[in-house]
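The values are calculated or read from the model by the stated rules, or taken from the named source; none is laboratory data. Keep in mind it's a predicted model, so treat the numbers as computed, not measured. Here Cβ is always computed from backbone atoms with ideal geometry, including for glycine, and neighbour counts include all displayed protein chains. These area figures cover heavy atoms from the full protein model, side chains too; ligands, DNA and RNA do not enter into them. Shrake-Rupley method; radii C 1.70, N 1.55, O 1.52, S 1.80 Å.
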Amino acid sequence: MRSVTMTTKRGLITDSFKVVKKARNGVTREKRPPPPPSPQKEPESETVHEEELERLRQFDLNWKFGPCTGISRQQRWERAKLHGLSPPEEIKDLLQTHTDLEYNLSLWSEYPL
């Protein structure tokens, strides 16, 4: 008996498919125009907003007006006024002009922003 050994070259599966290359016609696709700028707040009003929030944070951190955990800034201001601690009128004005939660809730309020 004769022993036959077959040696076959194993190639890649893609070797059995015809290679097709796409020709470039010199046609270039036009780029999309950039999207129109979104309406943004003026930088000045943004800094005013940040300054107001910083003043409210400083009010939160001032223990002279009592603890601020679990109550709103408005409630804390009124409690401080009731106990004769003379809280800043500026804070009351800010709280009355803005009704956002961002303005009314203290740093340690039980409600997350």
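Across the stretch 69-89, the number of residues qualifying as of a type outside the set (S, T, N, Q) and open to solvent by less than 80 Å² (accessible area, probe 1.4 Å) comes to 11.
Selection of the stretch 56-68 for residues being surrounded by 17 or more Cβ atoms within 10 Å (Cβ to Cβ) and in a loop (DSSP other than H, G, I, E, B) yields only C68.
Tell me yes or no: at least one residue of the stretch 29-48 is open to solvent by 100 Å² or more (accessible area, probe 1.4 Å), among the charged types (D, E, K, R) and modelled with pLDDT of 80 or more. For the stretch 29-48, residues open to solvent by 100 Å² or more (accessible area, probe 1.4 Å), among the charged types (D, E, K, R) and modelled with pLDDT of 80 or more: absent.
Within the stretch 80-95, residues that are in contact (Cβ under 8 Å) with a residue 40 or more places away in the chain and under 16 Å from E52 (Cα atoms) reach partners that are open to solvent by less than 60 Å² (accessible area, probe 1.4 Å) and of a type in the set (S, T, Y) with beta carbons closer than 9 Å, at six or more positions or on different chains, in the pairs L94/Y103.
Within the bounds of the stretch 84-106, is there any residue that is modelled with pLDDT under 90 and aromatic (F, W, Y)? Checking the stretch 84-106: at least one residue is modelled with pLDDT under 90 and aromatic (F, W, Y).
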